[in-house]
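Asker: Handing you a structure now.
The values are calculated or read from the model by the stated rules, or taken from the named source; none is laboratory data. All of these numbers come straight from a predicted model, not from anything done at the bench. Virtual Cβ from ideal backbone geometry, glycine too; neighbours counted across all protein chains shown. Side chains included, ligands, DNA and RNA excluded: accessible areas come from the protein's heavy atoms. Shrake-Rupley method; radii C 1.70, N 1.55, O 1.52, S 1.80 Å.
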Amino acid sequence: MLAELVNFVKVNFRRPNNGLMQLILIHVLVFCILVVSKAICVLLGYEIYYQRIYQYLILPASWKIFLQQPWSILTYFWIHEQFFSIIWNAFFLHAFGHLIVSIWHSRILKYIYILGGIAAGVFFLLLYNLAPGLKGYMGWLVGPAGSLYAVMAAAAIALPSFYFNLLFIGRIKIKHIATALLLLTCFELASHQSVAIAHLSGAMVGYMCVQYIRKFIHFRSYLSYFLNIVRRKKKFKITYESTSKATSVKITKTADKEPAEIDAIIDKIAASGYESLTEQEKKQLFRAGK
């Protein structure tokens with residue numbers, strides 16, 4: 001059975017465009033390692049050593065402690081304290097993460113997830129050390145709250161009209177779910193909860209990532225279109241006909257495409273991604289690039 005589990009993990013990490021499952025597996029593996037380590041330490045009477053290791057992995061609010069363990073800004077968001085916590089977070093990540101994978105690449109999901117976690121840690125440190133209302137509060141940040149809210153915000157901005165079928169509620173758009181959760185986060189911030197800082201900063205990163213991706217796709221599309229125009233202008237068919245009187249040159253230019261339609265297709269890609277195009281639009285874009 002252990003060999004099958006190891007093989008399952010290997011297959012999922014080798015499979016291309018499988019970033020969503022890879023993120024979930026990392027969380028599960030880290031949780032299992034920590035649980036087993038804690039059980040062994042408790043049985044042997046060395047629980048204090050486990051607590052020290054655990055504190056080295058989570059993010060402290062104190063600058064002095066953080067400078068002694070700077071790696072914690074990269075490790076804290078992979079850790080879960082309770083079994084039900086990892087189950088809920090895995091469900092949350094899968095629900096919103098597969099939407100990002102469906103319109104972009106799983107690599108984009110991993111970037112958003114990791115950047116959300118790092119940004120949440122940075123804002124946590126800054127606010128707990130610089131904000132007058134939070135100074136003096138000693139706390140720790142643990143869990144992927146910032147990363148999850150970055151993914152949620154990115155999915156809500158990219159696909160605002162997509163909806164979930166919730167039990168006892170029915171259809172509800174993800175933009176409404178994201179708005180409701182962010183409003184609840186504001187109430188948490190009023191009670192000095194560190195997780196609220198992670199939620200808000202993560203959501204901000206998700207928003208910024210989507211805006212950057214859209215601009216990048218738009219720029220790349222226009223750049224590709226411009227290069228195709230340059231290439232088409234160079235495609236002349238030149239034939240020389242020699243006559244007794246003079247040499248005449250025939251120049252035949254390739255048929256012009258319809259730039260207005262291509263511009264509309266490029267705008268559609270920038271707004272909703274390449275997958276939103278119809279088959280006819282994909283063929284037209286492909287023909288324009290020849």
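Asker: What does the C-alpha gyration tensor say about the overall shape of the range 71-136? Classify as rounded when a/c is under 1.5, otherwise prolate if a/b is larger than b/c, or oblate.
Answerer: Note, shape of the range 71-136 comes out prolate.
Asker: In addition: Determine the alpha carbon to alpha carbon distance for each of K110/K175; K110/K135; K10/K215; K10/K64; K110/K268; K64/K175 and list only those over 31 Å.
Answerer: Pairs exceeding the cut-off: K110/K135; K10/K215; K10/K64; K64/K175.
Asker: Could you compute the net charge surrounding N7? Neighbours are other residues with a C-beta less than 15 Å from the C-beta of N7; K and R count +1, D and E count -1.
Answerer: +2
Asker: In Å², what does the accessible area per residue of the range 1-133 work out to with a 1.4 Å probe?
Answerer: That works out to 59 Å² for each residue.
Asker: Rounded, prolate or oblate: which fits the range 1-148, taking a ≥ b ≥ c as square roots of the Cα gyration tensor eigenvalues, rounded meaning a/c under 1.5, else prolate when a/b beats b/c?
Answerer: Oblate, since a/c reaches 1.5 and b/c is not below a/b.
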